[in-house]
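Q: This structure is in structure tokens; I'll ask about it shortly.
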Amino acid sequence: MPVWRRPRQLCASAASERLSGGQAAHHGLARTALAGRAACRPGSRTDLPKHPTQPPVDWKAMEARECLSLSDEQRRAVEAPLGSNLVIAGPGTGKTRTLAYRVAYVIQTLGVPPDNILAVTYTNKATEEMRYRLRWLLPDEAGRLTIGTFHSFCIRLLRQHHAHLDLPRHFGIADENAQIRLLQRLRPNITEQNARNILLHFSQERLGKLKDMDTLARENPFFAQYLAGLRHNALIDFDDILVLTDRLLQQTEILDKVRAGLRFILVDEFQDTDRMQYTILKRLALRQDLNTKRCENIIPVFAVADDDQSIFAWRGAHPENIHEFFTEFLAGQDEAVLRLETNYRCAGHIVEAANRLMARAPRLFDKSPRAHRAAGKAVQILSYNSPEEEIEGIAQAILAARQQNVPLSDMAILYRRHNTGQQIEMALLEKGIPCQVIRRTSQFEAPAMKRWLLLMRAILNPDDDLALAELIGLTCDDATRRYFEQQHQTATGKQALRHILWEALEADQSDVRRAAGKIVGWLAFGKTCLDTSPCLSHWIATLGAFLKADTAPLPPLAAPSPDLVTAAKWLARLSQVKGTLVIAATDPLVEEVATYLVTHTLAGQAAFHICACRKLPPQMPTEKAVLLALDHAAEQTATRQWKFDGILLVATTLPGQATYARRQVDPGALPTDERGAQPSRFVTLWKLMRTYLAATLQPLFSDYTIVDLETTDKDAHHCDIVEVAAIRIRQGQETEAYSQLVRPALEPISAEAEKTHHISAEMVADAPTFEAIAPALHAFLGQDLLVAHNGLAFDFKVLRRRFRDVGLKFDHPFFDTLLFARQLYADHPSIKRCRLEDLAQAHGIEIGTAHRALDDTRTLAAVFQAMQRDYQEQRAATLGAETLGILALAMLLEMSEAEAAASSLFQAGVSLWKTATDDWLMSRLETEPAAATAAAVWRRRVGSDPPETDHQTPEVLAALAKRYDDLPTREGMQALLDFTRLMTAADHWRDCEAVTLMTIHAAKGLEFSHVWLPALEESSPVSGSPPPAANPNHSHDRLEEERRLLYVGLTRAQEQAVLSWAKTRDGNSRTHLRFLADLGQLVLAGENGSALSPDMA
């Protein structure tokens, strides 16, 4: 795995290889950031040749850009001929850099187009790191590579070719909760832990033993039921991603198409691949002669591995894949095996200790790891009497290191089991030591976040009853949840739970009706807005305003000043003509961050192009252009080269004359509680964009048709229609109406119904039947969005049934104003009931003749317009909230933290940093000396771990969704869901000012100056009954994986490594891991952490 930590010094030695990940990836695959290739350092670009016919890469020039040089062994790997290679790369050997340079070499010197390169990484973080590196080296080509995890690559193939596997286009990926729910639905007596064990068994059979799904289904009927349950819900599981990809690639036509787009494959962390992943790789890169059965390597594969770091056997990792690759891809040729053995990360004593640890371990390949650095501090091995004393010893050591000016971000406590971390976290917090704990679950498992993701799943995949069931469980009280569970147990057919929810809109129990109405309202509103939102972040913000209880309100803001209003009008006109907004500043970093802020705040909600002045081509890309200059010098520079139709100067003074085409926007005019103690150009920009968004905010719906029915009775399942009316609305105005009395054919008009709508049998005696009017009504409705009050429970249900009776489809998009009103006015001081007449009265609207269809449609038209205005007010209050985190960071480029703290916008933005700050922006700031203060404040604030509240969920999600705003909204939502499904807890690690607590498994790929490795005891207690007999080979394999796990933990340390164990734990006597003795004379380590460490030299 690559090192993920960001560079704190640009020109560090080769030992310091700390680079950050870029913006998170679409489907886990690398994508170009909205801000373009902004991660490249301004003024330092030495563009590589763009075509293979140009001269070979100037490595000296390229290395100069990173202020590092390739070692001889790294260079041998980078400049290897185009063919398959195996690189044995130990920890700290500069593997990530070598990989990035290898890709650059393959493109620039060996002539492989970037579009034909696949780089497979092990985690999303590693994807981001690789992408960041390549954008630095290849600013013009990096966005064309496919970079991602095995699973993300496979998901992309499955979505492209879903029809070939009989998968619906909208198929989803079941998370563990969905899988457990399905197993428990199939067998209600299964416990959660039993379900996990069953899933593990399924996975071992499929990925470990490579059993075909059909074979396993025949052998295990329960697996067959499980698989059928997944498909019934239009779902695949995590194992299916690989298994179905393998099945897909068995189709010659598909395989040939995929191969045609590949000319070079790079696989990182090859020792962590499972057998199915290796099978997929072989299908892609090897071609078998049908006659001789011999395999030919047709696509070069560059595999990077270290069997000493294979620690994921429990996930199915098969390190023997390394040897099989050596045999099948390299034909056993030793010269195709390259080695990176010089450790630039760890001090000499740490490397020596690690070598001793692995000296007795079985290895697939010989290797001789060696240290580049001096010996440094000796590795400590300490024993303690109890876990409490062990934790106290670690805490005191951390405080002592802090006194010696070691940053908390350079310290980590790595452990083998999560429960160890929970105990240490409590102790550190009690001592006031900030800590960042990487837990089992990610932020996407938090209830509020989970609720949003489940809602997206249910909207995007209407077959996913498992998501709907979990959404009900998170939303309803226990009694209501049990009601829906009982109803679902006896239901069959597709979308059974969705039908149950619809039926529950008419349930006798009021709490069931309210719960069903809430969830159905969310689904209906979300689905309807999905087709009208320009991009995903806009959809999230739109729904967030609707679900206002979940939304963090912005601080109170002053009304925009006249100059902001005028400037917003300019932008509105610029959007109408699809012109270009050019942002210019004398400081390149200010220009770049300002462009980034504007781009992300607008995100698909403006028709004009946005471009940094330094990125502008010689010819203006559009006929009309406006210059947004952040200082007068930038204005002068830009106007000398280009002609603009208007100039907006963000400055406290306006040099020269103001004209119709040249206006000032004064940052000093904003109130202090918005801009901070100093005038802020960034706050001014943000508020200008917000003013523009408010001025151009469109109604939710401007074109639709309102329908209303009068019927023979209230039973939507059996009643007939006696009157139907519809009015067509265009741009908020009625353009056409349809009204018709109908003679019922199914049943007579009930007395109660006649008393309500006053339509008697005599009045409809000569009227046509529904069968007669159906074609004309169907034609009038067209494919419009249909709006009705209580429509989902009644009007739409009746129309669907009656149209079906006469052989006509009724599959229109629907919108129910009753459910909309209940959510919109949930906390309204005076609107307590949401009947049409109540809403009309609240808004001062005349209702005409109540319960006559045409009058009711016109009343509803006026009410719906008023409701949309009320909603717009709520929506306007949240505009720009998702980019407050970016704004808060940007403000620190202009003023001190104390000055920025005077701004309520800064305070609101800081609260989003922990979960929503864009990784690209932080990476960019940390490469600039001028941004050192901003980066330091961010690290400290994030390290202090501010409380994360549910009401920030829409802002956090919208900020994450910005990376998908260049996709159609449905595709963007699917990409976000896939991304969150593939994210692990470790992917949320941030390089901030706090001690990191995480498992050794999660720490793989990271590095820290000081590392503590506690609780290194044998798993079985010394006293008590012996453990049950086990397979000796299995026990040996587990012991060797424990050894490798300790090796990985030890080699995370750069300067100091401390290993410790407790003589008692959980009330039992313990002994240290048996192979700790391989590190040296254990007795010299001392008792209870008091003695000096042994000499490991």
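The values are calculated or read from the model by the stated rules, or taken from the named source; none is laboratory data. Small disclaimer: the values here were computed from a predicted structure and weren't measured. Note: ideal-geometry Cβ built from the backbone for every residue, glycine included; neighbour counts use all protein chains shown.
Q: Answer with yes or no whether residue 354 is surrounded by 18 or more Cβ atoms within 10 Å (Cβ to Cβ), in contact (Cβ under 8 Å) with a residue 24 or more places away in the chain and not assigned by TED's automatic domain parsing to the domain that holds residue 79.
A: Answer is yes for this residue.
Q: Only one of these is surrounded by fewer than 23 Cβ atoms within 10 Å (Cβ to Cβ) and either under 19 Å from residue 76 (Cα atoms) or in the same structural domain as residue 1057 (by TED's automatic domain parsing) (or both): 303, 313, 336, 331. Name it.
A: Unique residue meeting the criteria: 336.
Q: Next question, about the same structure. Go through region 113-135 residue by residue and tally those that are closer than 13 Å to residue 99 by Cα, of a type outside the set (Lys, Arg) and either at pLDDT 85 or above or out of contact with any Phe, Trp or Tyr (no Cβ under 9 Å at 6 or more places or on another chain) (or both).
A: Counting residues in region 113-135 that are closer than 13 Å to residue 99 by Cα, of a type outside the set (Lys, Arg) and either at pLDDT 85 or above or out of contact with any Phe, Trp or Tyr (no Cβ under 9 Å at 6 or more places or on another chain) (or both) gives 8.
Q: Turning to a different aspect of this structure: Of all residues in region 594-637, which are among the aromatic types (Phe, Trp, Tyr) and free of Cβ contacts under 8 Å to residues at least 40 places away in the same chain?
A: Correct list: 608 only.
Yes/no per residue for (1) outside the structural domain of residue 264 (by TED's automatic domain parsing); (2) closer than 29 Å to residue 1060 by Cβ; (3) buried (at least 19 other Cβ atoms within 10 Å of the Cβ):
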{"position": "327", "(1), (2), (3)": "no, no, no"}
{"position": "381", "(1), (2), (3)": "yes, yes, yes"}
{"position": "385", "(1), (2), (3)": "yes, yes, no"}
{"position": "392", "(1), (2), (3)": "yes, yes, no"}
{"position": "400", "(1), (2), (3)": "yes, yes, no"}
{"position": "404", "(1), (2), (3)": "yes, yes, no"}
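Q: Scan region 684-713 residue by residue and report those that are touching a helix residue (DSSP H, G or I) at 6+ places or on another chain (Cβ under 9 Å), farther than 30 Å from residue 558 by Cα and either outside any loop (DSSP other than H, G, I, E, B) or touching a residue at least 60 places away in the same chain (Cβ under 8 Å) (or both).
A: 704, 705, 706, 707, 708, 709, 710, 711
Q: Now, a different point. Looking only at residues that are without any contact (Cβ under 8 Å) to a residue 24 or more places away in the chain and not in a helix (DSSP H, G or I) in region 210-232, which one is farthest from residue 173 (Cα to Cα)?
A: Checked region 210-232; the qualifying residue farthest from residue 173 (Cα to Cα) is 220.
Q: Here's a check for you: in region 860-916, which residue that is among the polar types (S, T, N, Q) and under 21 Å from the mean Cα position of the chain (by Cα) is modelled with the lowest pLDDT?
A: Top of the filtered list is 915.
Q: Let me confirm something: among 682, 701, which residue is modelled with pLDDT under 95 and farther than 26 Å from residue 504 by Cα?
A: Testing whether each residue is modelled with pLDDT under 95 and farther than 26 Å from residue 504 by Cα leaves just 701.
Q: Look through 361, 378, 331 and report the one residue that is at pLDDT below 95, of a type in the set (Gly, Ala, Ser), in contact with a Ser or Thr (Cβ under 8 Å, 6 or more places away or on another chain) and in a loop (DSSP other than H, G, I, E, B). Walk me through how you get there before you give the answer.
A: Numbers: 361 fails: in contact with a Ser or Thr (Cβ under 8 Å, 6 or more places away or on another chain); 331 fails: in contact with a Ser or Thr (Cβ under 8 Å, 6 or more places away or on another chain).
Just one listed residue meets the conditions, 378.
Q: Please report, ordered by residue number, the strands (runs of 3 or more DSSP E) entirely within region 539-635 with at least 1 residues that are of a type in the set (Gly, Ala, Ser) and more than 27 Å from residue 934 (Cβ to Cβ).
A: Working: elements: 580-584, 609-612, 625-629.
So the answer is 625-629.
Q: Can you list residue pairs whose Cβ atoms sit under 7 Å apart, with the first residue in region 179-206 being touching a residue at least 12 places away in the same chain (Cβ under 8 Å) and among the polar types (S, T, N, Q) and the second being surrounded by fewer than 15 Cβ atoms within 10 Å (Cβ to Cβ) and part of a helix (DSSP H, G or I)? Count only pairs 6 or more apart in sequence or on different chains.
A: none
Q: If you don't mind, there's one more thing I want to ask. Does region 776-789 contain at least one residue that is assigned by TED's automatic domain parsing to the domain that holds residue 868, modelled with pLDDT of 95 or more, surrounded by 14 or more Cβ atoms within 10 Å (Cβ to Cβ) and of a type in the set (Phe, Trp, Tyr)?
A: Yes, the conditions are met somewhere in region 776-789.
Q: Would you confirm whether any residue within region 658-670 is part of a helix (DSSP H, G or I), touching a residue at least 60 places away in the same chain (Cβ under 8 Å) and surrounded by fewer than 22 Cβ atoms within 10 Å (Cβ to Cβ)?
A: For region 658-670, residues part of a helix (DSSP H, G or I), touching a residue at least 60 places away in the same chain (Cβ under 8 Å) and surrounded by fewer than 22 Cβ atoms within 10 Å (Cβ to Cβ): present.
Q: A further question on this structure: Can you tell me which residues in region 621-641 are surrounded by fewer than 18 Cβ atoms within 10 Å (Cβ to Cβ) and among the hydrophobic types (A, V, I, L, M, F, W, C)?
A: 633
Q: Name the single residue, out of those in region 944-964 being surrounded by fewer than 22 Cβ atoms within 10 Å (Cβ to Cβ) and more than 16 Å from residue 907 (Cβ to Cβ), that is modelled with the lowest pLDDT.
A: Residue satisfying both the conditions and the ranking: 950.
Q: Separate question: Taking residue 605, is it among the polar types (S, T, N, Q) and farther than 30 Å from residue 699 by Cβ?
A: On the way: among the polar types (S, T, N, Q): yes; farther than 30 Å from residue 699 by Cβ: no.
When the stated conditions are applied, residue 605 does not pass them.
Q: Consider region 846-887. How many of its residues are of a type in the set (Ser, Thr, Tyr) and more than 30 Å from residue 953 (Cβ to Cβ)?
A: Of region 846-887, the ones of a type in the set (Ser, Thr, Tyr) are 849, 857, 859, 871, 878, 883.
Restricting the remaining residues to those that are more than 30 Å from residue 953 (Cβ to Cβ) gives 849, 857, 859.
Summing the residues that are of a type in the set (Ser, Thr, Tyr) and more than 30 Å from residue 953 (Cβ to Cβ) in region 846-887 gives 3.
Q: Can you tell me which residues in region 797-814 are touching a residue at least 40 places away in the same chain (Cβ under 8 Å) and either within 18 Å of residue 742 (Cα to Cα) or crowded, with 20+ Cβ neighbours inside 10 Å (or both)? First the steps, then the outcome.
A: In the first step, residues of region 797-814 are kept if they are touching a residue at least 40 places away in the same chain (Cβ under 8 Å); the result is 797-799, 801-802, 813-814.
Listed by number, the residues that qualify are 797, 798, 799, 801, 802, 814.
Q: Another question, then. Pick out the one residue from 776, 772, 767 that is over 30 Å from residue 838 (Cβ atoms) and outside any helix (DSSP H, G or I).
A: One residue alone meets the criteria, 767.
Q: Based on this model, can you work out whether residue 271 counts as crowded, with 17+ Cβ neighbours inside 10 Å, assigned to a helix (DSSP H, G or I) and touching an Asp or Glu at 6+ places or on another chain (Cβ under 6 Å)?
A: Answer is yes for this residue.
Q: Quick check on region 105-123. Is at least one of its residues assigned to a loop (DSSP other than H, G, I, E, B), surrounded by fewer than 24 Cβ atoms within 10 Å (Cβ to Cβ) and within 25 Å of the chain's Cα centre (by Cα)?
A: Step one: filter region 105-123 for residues assigned to a loop (DSSP other than H, G, I, E, B), giving 109-113, 122-123.
Next, from what is left, pick out any that are surrounded by fewer than 24 Cβ atoms within 10 Å (Cβ to Cβ): 109-113, 122.
If we keep only those that are within 25 Å of the chain's Cα centre (by Cα) too, we end up with 122.
The answer is yes, given that some residue of region 105-123 is assigned to a loop (DSSP other than H, G, I, E, B), surrounded by fewer than 24 Cβ atoms within 10 Å (Cβ to Cβ) and within 25 Å of the chain's Cα centre (by Cα).
Q: Quick one: is residue 822 assigned by TED's automatic domain parsing to the domain that holds residue 724, buried (at least 18 other Cβ atoms within 10 Å of the Cβ) and basic (Lys, Arg)?
A: No; evaluated as a whole, the condition is false for this residue.
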